[in-house]
Each structure stands twice: as C-alpha cells, then as structure tokens.
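Participant: Once you've had a glance at the structure underneath, I'll fire off some questions.
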Amino acid sequence: MSQLPLIVGFGGINPAGRASFHHAYRRLIIDKLDTQSRETTLIGLATLTGLASYEDGHYKNSTGETLSVQDLLTSVEQQVLDNTLIRKIHPDWFDVNKVMFNKPAKLKCSEGELRFQLRKRQMPQNIPANWQVTESTPGVFDIVVSESLDVIFPDTKEAQVKAAGQLPTGFEPGKLYQSRNHPRNLQMTVFGASDALRSSGIPFEQIAAKVSPDQVGVYASNSIGQLDDFGFGGLTKYPALGKRTTSKQMPLGYAQMPADFVNAYVLGSVGVTGGALGACATFLYNLRSAVNDIRSGRRKVVLVGGSDAPVTPEVIEGFRVMGALAEDKDLLALDGLSSLSDEDYRRACRPFGQNCGFTMGESSQFALLMSDDLAMELGAQVFGVVPDVFVNADGHKKSISAPGVGNYITLGKAASMVREMLGEESLQQRSFVQAHGTSTPQNRVTESHVINETAKAFGIESWPVAAIKSYLGHSQGTAGGDQLSTSLGTWAYGYIPGILTTPAFADDIHQSNLQLSNQHIEVGAQGMDSVLLNSKGFGGNNASAPVLGPHIAENMLRRRYGESAMTAYLKKREQVSAVAAAYDEEATQGTARPIYLYDHNVLGGDDLQITDKEIRLPGYENPVDLAVENPYKDLC
C-alpha cells in the first residue's frame with residue numbers, strides 16, 4: 001500500500017511576497033479580494049518591506065508614527081503595489097544605467113616613453129619586459145614604459161534589459177538572522193524553509209520525535225548556483241578585478257547548497273539529502289524525489305524546495321546574448337513606443353501573446369510533504385496531495401536549448417494519472433494547467449501545442465491555463481515552486497490567476513481546446529479537483545506534476561481510515577491550525593524571525609551510541625535502525 005505524499009506546509013518568498021497562507025497568491029488577485037483579505041495582504045507586504053512595523057499592539061509607519069490600519073494603508077498602499085511583481089530593476093539590485101563593463105585598451109607612448117608611479121602593493125607580480133622600475137622612495141616605484149601599455153579602463157554601460165521579477169523592494173532576508181556574508185540565494189533559503197516549516201503549525205521537534213532520524217529527507221537546490229559576489233559570481237570575477245577571493249565563495253556557490261543549509265542550520269537533519277538539477281524543471285525534479293520516497297515508505301517527512309537569485313548583471317547578460325530575454329528595444333518595437341514607462345516594464349512578460357522573450361525572476365519556495373499515516377497521527381493540515389511527478393527527456397536534438405517531444409509524454413502521463421485517480425469527468429471538467437509560460441515566441445507555440453494536443457487526446461474541450469510568470473518572472477529552477485504555491489491559493493480563494501499582461505493572445509498559438517484568459521477565472525474553492533504543473537527546461541528537462549486539491553485529499557483519507565479516525569484527526573487539526581494561524585499573524589506583523597540554528601547541537605562520532613543494530617544520536621528521540629533488507633535474496 002502506497003503512502004499518500006501530502007502537502008502539510010508551504011512557504012517562501014517571491015516577487016509577490018511571502019508564500020505561506022497564500023499571501024503571495026493574494027497579491028496576484030488583489031482586485032478580487034474582500035476588504036479584510038486585501039488589508040491583511042497589504043499590511044503583510046508593508047511590514048515585510050520596512051514600510052511599517054508593529055509594536056505594543058499598534059502599527060507604525062517608517063518614521064515611527066503610530067497609525068490606524070486604514071491610515072497606514074492609505075499612505076503606503078500604492079508604494080506596496082509598485083514595489084512588488086515584475087518591475088524595472090531597482091538600484092538595490094544594481095544600477096541599470098551604470099552596469100560595470102570595463103574596457104581594455106592599449107596606450108601608445110607618443111614620445112617613446114610613459115612615466116607613472118605605483119605603490120608596492122599595486123605592483124604586478126610579473127614585471128613586463130618593457131618596464132624600467134626604480135624605487136624612488138621606500139614603497140613607491142617610478143615606472144618608465146617604452147612603446148605601449150595594456151590597460152583596462154573602469155567603465156559602465158546602460159543595461160539592455162531593465163525589467164525583472166524582484167522580491168518586494170525593501171525586503172532584506174539577511175537582516176532577519178546572522179547571515180554572515182551568505183549569498184542572497186541562501187539568505188532567501190533560510191527565510192523560505194523557515195516559512196514553510198512554521199506554516200505547518202507543528203514544530204519540527206514534534207515531527208522528528210515521531211520518526212527515526214533517517215526517515216526525514218531534504219531535497220532542495222537551484223539550477224545555476226549562487227552567482228552573486230558572495231558565491232560563484234565573486235569567485236570567478238574577483239581575480240580579474242584585483243579583489244581577493246574569500247574562503248566562502250567556493251563552498252557557498254554550489255547548487256545543492258539550499259539543501260545543505262536546511263540540514264545544517266534549520267532542521268539539523270541527518271536523514272537523506274540531495275539536490276537534483278534540471279534547468280527550469282529543477283523544483284519538480286526535487287519534488288519527484290520527495291514523492292517517490294514517501295510513496296515507498298522510505299521517508300515519513302520531506303522538505304522539498306528550491307531557491308534562485310539570478311537578478312544580477314552577469315546572469316541577465318548571459319541569457320540576453322542567447323536571445324532569451326525581453327530587451328528594452330524589443331519591447332519598444334512590440335508596442336510601437338519611443339520610451340518605456342514603469343507600467344510598460346510591468347508588462348514585459350506576456351505568455352502566449354505577442355512577446356519577445358522571458359523576464360528574469362527570483363524566488364525561494366519550499367513545501368513540507370508528509371506520509372498520510374504520520375499526518376493523521378499529528379493532525380497535520382493538508383493543502384493538497386502530489387501523487388507523482390513525471391520526467392522525460394527530448395531525445396535527439398539540434399539545439400540544446402530548443403524544446404522537443406519529452407513534454408508531450410510528461411503532460412500526457414500527468415493527465416492520465418488524474419483520470420485514473422479521479423475519473424474522466426474530473427479531468428475534463430475540474431482540472432487546470434499551470435503552464436511553463438515563459439513569454440518567448442518559441443514557447444508560446446510549442447507549449448500551447450503540447451497542452452492543446454493533450455487536451456484533445458483526453459477529450460478536454462476547454463482546459464483552463466494559467467501562466468504566473470506574467471506576474472513573477474522566470475525564477476529558473478524554482479519556477480515549479482512558484483507554480484505549486486500559487487495553485488494552492490486557487491483552492492483557498494477560488495480564482496485561477498489570469499494572464500493579465502497579455503492584451504491579446506497570439507495568432508500562431510494552438511488553443512482550440514484551451515481556455516486562455518487575460519482576466520482572473522472564477523472557479524470556486526472546490527471548483528477544481530486538480531492542477532497539472534508543467535515545466536520545460538533547457539537541455540530537454542521536462543517535468544509535469546499532478547496536484548490534487550485539499551478536499552480530494554481529505555476524501556482519500558476518509559476512505560482509507562474511516563469516520564472514527566477522521567473525527568479524531570480533525571480534532572487534532574484544530575489545534576495545529578491555531579498554532580499555524582498564530583505564526584501567520586506574527587509574520588504579517590513583521591515580528592517573526594527565520595529558524596537559524598548556527599553551532600547548535602553539533603555532534604561528533606564520540607557522541608554516538610553504536611551497535612550492530614542501531615545508532616543513537618543525542619537530541620534525537622528515536623535511533624537509526626541499521627537493519628537493511630537484502631534486495632538480492634535470489635542471488636545470495
């Protein structure tokens with residue numbers, strides 16, 4: 001009997017805000033919210049970004065003035081809205097008008113010689129042959145150069161791509177804990193993983209006490225590593241800039257480091273760990289590992305996630321020269337404009353419409369998955385169930401970045417899984433798709449064909465399709481996490497976010513059996529039974545994941561455990577939900593802090609109690625069972 005991989009907590013941070021309790025989702029559909037939900041969403045964003053604070057039972061603005069909620073929102077609402085989602089890159093990230101671009105040059109000596117002075121610490125290790133060097137005063141050298149001198153002039157240029165999906169302006173995750181020069185990506189990881197854990201309403205110590213240490217898993221990574229100056233970015237460029245490489249840039253740059261940080265500083269886990277990489281499908285690759293572990297019974301609880309922070313000049317330039325990004329000049333041509341306003345930058349990403357490239361984004365997203373028996377025992381909240389994740393490659397390719405045939409297989413299998421579990425009517429009438437939807441001319445044609453042909457094959461006449469990159473940009477390997485957390489919001493508030501930035505859908509897309517809308521689609525809290533998450537990654541990395549709604553999950557638990565067990569479970573869940581709600585209130589007020597356990601309960605080999613049957617670890621209630629089953633009994 002397979003265990004159900006239940007989503008019992010989720011959280012993170014992306015350009016729409018904090019993911020837990022659907023805060024980021026609510027920012028996407030803010031015009032559809034009731035007054036209280038809208039106010040809570042805006043207050044949460046205001047405290048997150050430093051525009052407001054909460055103290056002694058009252059909210060204060062950034063100058064320390066105590067205000068009512070209504071007065072505070074009147075003063076900051078527009079700023080909160082302007083500082084979220086896709087927008088022109090803010091100087092907190094980098095100055096788009098002055099991007100470093102040093103120029104090499106050769107100085108020719110007009111009179112046969114060039115004279116200058118250098119201090120000792122500025123002298124090169126290897127003196128060029130055409131230099132004459134004299135130490136005129138201690139520590140100062142006179143240099144005479146004959147013929148020519150190669151130099152690099154400090155210079156800047158204007159960025160050709162100026163839009164990105166950035167975390168809310170003013171949010172600084174590194175200030176919420178002792179970040180010790182961590183790359184931005186890992187700062188986001190600490191925040192995102194903590195948010196997901198605390199959203200569950202069950203302290204991790206309580207979860208860990210119910211399982212063996214090796215029944216816990218963490219699968220998290222990103223697609224391209226930490227590429228800011230504190231990670232691989234600084235490692236590769238510092239020597240060329242004459243700066244010193246630090247001891248942290250190499251180790252903290254690895255793409256699996258989000259999982260390592262969660263194990264070492266958030267959970268203290270000694271269970272299974274790993275980080276799969278699959279370009280844009282990376283999050284779903286890690287989700288697949290978690291689902292397989294829980295279904296098989298090898299793991300009882302797994303934290304799965306991803307974190308990407310690619311809004312840097314170097315990464316953006318790398319994708320731009322590939323022809324992948326929406327450049328300013330192309331946006332101007334697309335709309336026949338002479339200049340781009342802030343609102344024009346907000347509409348840079350237009351999935352399935354007339355478009356010119358994708359828009360970079362950043363995000364950290366985590367989900368806590370648990371086996372159904374443990375969830376029942378603990379009274380865990382259930383936000384959905386992930387029955388499987390399907391992955392297929394493209395086969396032979398001409399261009400490594402071009403799409404291929406693998407996505408037809410993954411999406412077809414995902415649709416088939418929903419039909420097998422919930423029936424044909426449910427798939428045809430109560431499912432929707434979270435498209436990869438990157439906003440490139442190639443993607444709009446190829447992915448629309450994949451989804452449309454799948455719809456035809458399964459008899460789906462009008463399949464609703466969402467494309468949330470229109471709000472958030474493309475967060476690379478974490479994009480699937482954005483799709484997951486946003487989809488969970490549909491079951492709480494009853495709307496599939498519309499593709500608002502696309503004024504009209506392109507003539508060359510395939511949509512005979514699709515429902516594409518540039519308005520929010522109202523479906524009701526239980527109007528949808530399932531969503532199919534779809535990712536198409538560079539290199540032929542395709543993944544599709546069916547996710548079933550919380551009402552479906554509860555029905556499945558009732559069938560497996562019966563009414564009596566469900567009654568006991570629901571009573572426990574009330575207490576868990578109250579703890580989770582208390583965290584949500586604390587986080588909305590801006591007083592919550594991430595879990596960061598540095599130098600906490602560090603163990604060595606001498607601390608363990610080891611026998612040939614088990615290993616006991618101080619601080620862990622249950623031992624690690626060393627008994628393993630021989631899978632090759634027929635051979636041994």
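Participant: Kindly provide the set of residues from the range 522-541 that are open to solvent by less than 20 Å² (accessible area, probe 1.4 Å) and farther than 19 Å from Ala415 by Cβ, ordered by number.
Facilitator: Matches in the range 522-541: Gly537, Gly540.
Residues checked against (1) within 30 Å of Leu227 (Cα to Cα); (2) part of a strand (DSSP E or B); (3) out of contact with any Ser or Thr (no Cβ under 8 Å at 6 or more places or on another chain); (4) aliphatic (A, V, I, L, M):
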position	(1), (2), (3), (4)
Thr41	no, no, yes, no
Ala46	yes, no, yes, yes
Ser53	no, yes, no, no
Leu72	no, no, yes, yes
Val76	no, no, yes, yes
Gln79	yes, no, yes, no
His90	yes, no, no, no
Phe94	yes, no, no, no
Val133	no, yes, yes, yes
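Participant: Against the definition (of a type outside the set (Ser, Thr, Tyr), free of Cβ contacts under 8 Å to residues at least 12 places away in the same chain and either open to solvent by 90 Å² or more (accessible area, probe 1.4 Å) or more than 30 Å from Pro154 (Cα to Cα) (or both)), how does Glu111 come out, yes or no?
Facilitator: Numbers: of a type outside the set (Ser, Thr, Tyr): yes; free of Cβ contacts under 8 Å to residues at least 12 places away in the same chain: yes; either open to solvent by 90 Å² or more (accessible area, probe 1.4 Å) or more than 30 Å from Pro154 (Cα to Cα) (or both): yes.
The answer is yes for Glu111.
Participant: Take Gly217 and tell me if it is surrounded by 21 or more Cβ atoms within 10 Å (Cβ to Cβ) and in a helix (DSSP H, G or I).
Facilitator: no
Participant: Residues that are in contact (Cβ under 8 Å) with a residue 24 or more places away in the chain, open to solvent by less than 60 Å² (accessible area, probe 1.4 Å) and part of a helix (DSSP H, G or I): does the range 604-611 have at least one?
Facilitator: no
Participant: Given the options Gly225, Gly174, Gly192, name the one that is part of a loop (DSSP other than H, G, I, E, B), touching a residue at least 12 places away in the same chain (Cβ under 8 Å) and open to solvent by less than 30 Å² (accessible area, probe 1.4 Å).
Facilitator: Gly225
Participant: So, one more: Could we say that Leu118 is among the aliphatic types (A, V, I, L, M), in contact (Cβ under 8 Å) with a residue 40 or more places away in the chain and surrounded by 11 or more Cβ atoms within 10 Å (Cβ to Cβ) here?
Facilitator: So Leu118 fails the test.
Participant: If Glu614 satisfies all but one of (1) touching a strand residue (DSSP E or B) at 6+ places or on another chain (Cβ under 7 Å); (2) touching a residue at least 60 places away in the same chain (Cβ under 8 Å), what's the number of the condition it fails?
Facilitator: If we test Glu614 against (1) touching a strand residue (DSSP E or B) at 6+ places or on another chain (Cβ under 7 Å); (2) touching a residue at least 60 places away in the same chain (Cβ under 8 Å), just (2) comes out false.
Participant: Spot the failing condition for Ile207; the list is (1) at pLDDT below 95; (2) among the β-branched types (Val, Ile, Thr); (3) more than 27 Å from Asn534 (Cβ to Cβ), and only one is missed.
Facilitator: Among (1) at pLDDT below 95; (2) among the β-branched types (Val, Ile, Thr); (3) more than 27 Å from Asn534 (Cβ to Cβ), Ile207 violates only (1).
Participant: Output the residue which, of all residues in the range 295-319 that are touching a strand residue (DSSP E or B) at 6+ places or on another chain (Cβ under 6 Å) and in a helix (DSSP H, G or I), is most open to solvent (accessible area, probe 1.4 Å).
Facilitator: Checked the range 295-319; the qualifying residue most open to solvent (accessible area, probe 1.4 Å) is Pro313.
Participant: Take Ile409 and decide whether it is within 22 Å of Ser512 (Cβ to Cβ), of a type in the set (Val, Ile, Thr), modelled with pLDDT of 95 or more and surrounded by fewer than 24 Cβ atoms within 10 Å (Cβ to Cβ). Don't jump to the end; show me each part of the working.
Facilitator: On the way: within 22 Å of Ser512 (Cβ to Cβ): yes; of a type in the set (Val, Ile, Thr): yes; modelled with pLDDT of 95 or more: yes; surrounded by fewer than 24 Cβ atoms within 10 Å (Cβ to Cβ): yes.
In short, yes.
Participant: Right, another one. Return the only residue of Gln575, Gln589 being open to solvent by 50 Å² or more (accessible area, probe 1.4 Å), among the polar types (S, T, N, Q) and touching a residue at least 12 places away in the same chain (Cβ under 8 Å).
Facilitator: Just one listed residue meets the conditions, Gln575.
Participant: What do you reckon, is Tyr59 in contact with a helix residue (DSSP H, G or I) (Cβ under 6 Å, 6 or more places away or on another chain) and open to solvent by 50 Å² or more (accessible area, probe 1.4 Å)?
Facilitator: For Tyr59, the condition - in contact with a helix residue (DSSP H, G or I) (Cβ under 6 Å, 6 or more places away or on another chain) and open to solvent by 50 Å² or more (accessible area, probe 1.4 Å) - is not met.
Participant: Go through the range 542-572 and give me each residue that's farther than 17 Å from Val418 by Cβ and open to solvent by less than 10 Å² (accessible area, probe 1.4 Å).
Facilitator: Those that are farther than 17 Å from Val418 by Cβ and open to solvent by less than 10 Å² (accessible area, probe 1.4 Å): Asn542, Leu557, Met566, Tyr569.
Participant: Looking at Arg180, Arg198, Arg184, which is the one that is modelled with pLDDT under 95 and either open to solvent by 30 Å² or more (accessible area, probe 1.4 Å) or farther than 30 Å from Arg38 by Cα (or both)?
Facilitator: From the options Arg180, Arg198, Arg184, the qualifying one is Arg180.
Participant: Give me the pairs, please: first residue somewhere in the range 278-290 and surrounded by fewer than 24 Cβ atoms within 10 Å (Cβ to Cβ), second residue anywhere and modelled with pLDDT under 95 and among the aliphatic types (A, V, I, L, M), beta-carbon distance under 8 Å, and either six or more positions apart or on two chains.
Facilitator: That search, which allows pairs on different chains as well, returns nothing.
Participant: What are the residues in the range 331-351 that are in a helix (DSSP H, G or I), buried (at least 17 other Cβ atoms within 10 Å of the Cβ) and of a type outside the set (A, V, I, L, M), if any? Reasoning before the result, please.
Facilitator: Residues of the range 331-351 in a helix (DSSP H, G or I): 331-335, 342-346.
Applying the additional criterion that residues be buried (at least 17 other Cβ atoms within 10 Å of the Cβ) yields 331, 334, 344-346.
Asp344, Tyr345, Arg346 - these are the residues of the range 331-351 that are in a helix (DSSP H, G or I), buried (at least 17 other Cβ atoms within 10 Å of the Cβ) and of a type outside the set (A, V, I, L, M).
Participant: Moving on to the next point. Restrict the check to the range 419-426 and report whether at least one residue is free of Cβ contacts under 8 Å to residues at least 12 places away in the same chain and either under 18 Å from Ser517 (Cβ atoms) or open to solvent by 50 Å² or more (accessible area, probe 1.4 Å) (or both).
Facilitator: Yes - at least one qualifying residue is present in the range 419-426.
Participant: Evaluate the following for Ala415: is it in contact (Cβ under 8 Å) with a residue 40 or more places away in the chain and surrounded by fewer than 20 Cβ atoms within 10 Å (Cβ to Cβ)?
Facilitator: Working: in contact (Cβ under 8 Å) with a residue 40 or more places away in the chain: yes; surrounded by fewer than 20 Cβ atoms within 10 Å (Cβ to Cβ): no.
No; evaluated as a whole, the condition is false for this residue.
Participant: Which residue is nearest to Gly225 (Cα to Cα), if the candidates are limited to the range 356-381 and must be open to solvent by 10 Å² or more (accessible area, probe 1.4 Å) and part of a loop (DSSP other than H, G, I, E, B)?
Facilitator: Here the answer is Cys356.
Participant: Further question on the same structure: Out of the residues in the range 1-37 that are closer than 21 Å to His551 by Cβ and among the basic types (Lys, Arg), which is surrounded by the fewest Cβ atoms within 10 Å (Cβ to Cβ)?
Facilitator: Top of the filtered list is Lys32.
Participant: Do any helices (runs of 4 or more DSSP H) lying entirely in the range 416-482 carry at least 3 residues that are among the β-branched types (Val, Ile, Thr), and which ones are they?
Facilitator: Because the criterion is at least 3 residues that are among the β-branched types (Val, Ile, Thr), the helices (runs of 4 or more DSSP H) in the range 416-482 that meet it are 441-457.
The rows are residues; the columns are (1) touching a strand residue (DSSP E or B) at 6+ places or on another chain (Cβ under 7 Å); (2) assigned to a helix (DSSP H, G or I).
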{"site": "Gly524", "(1), (2)": "no, no"}
{"site": "Ser544", "(1), (2)": "yes, no"}
{"site": "Met566", "(1), (2)": "no, yes"}
{"site": "Lys572", "(1), (2)": "no, yes"}
{"site": "Gln575", "(1), (2)": "no, yes"}
{"site": "Ala582", "(1), (2)": "no, yes"}
{"site": "Tyr598", "(1), (2)": "no, no"}
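Participant: Give just the number: which of (1) outside any helix (DSSP H, G or I); (2) of a type in the set (Val, Ile, Thr); (3) closer than 30 Å to Leu45 by Cα does Ile152 not satisfy?
Facilitator: The single condition Ile152 does not satisfy is (3).
The values are calculated or read from the model by the stated rules, or taken from the named source; none is laboratory data. Quick caveat: nothing in here was measured; it's all calculated off a predicted structure. Every residue, glycine as well, gets a Cβ built from its backbone with ideal geometry; the counts of neighbours run over all protein chains shown. Heads up: the accessible areas ignore ligands, DNA and RNA and are worked out on the full protein's heavy atoms, side chains in. Shrake-Rupley method; radii C 1.70, N 1.55, O 1.52, S 1.80 Å.
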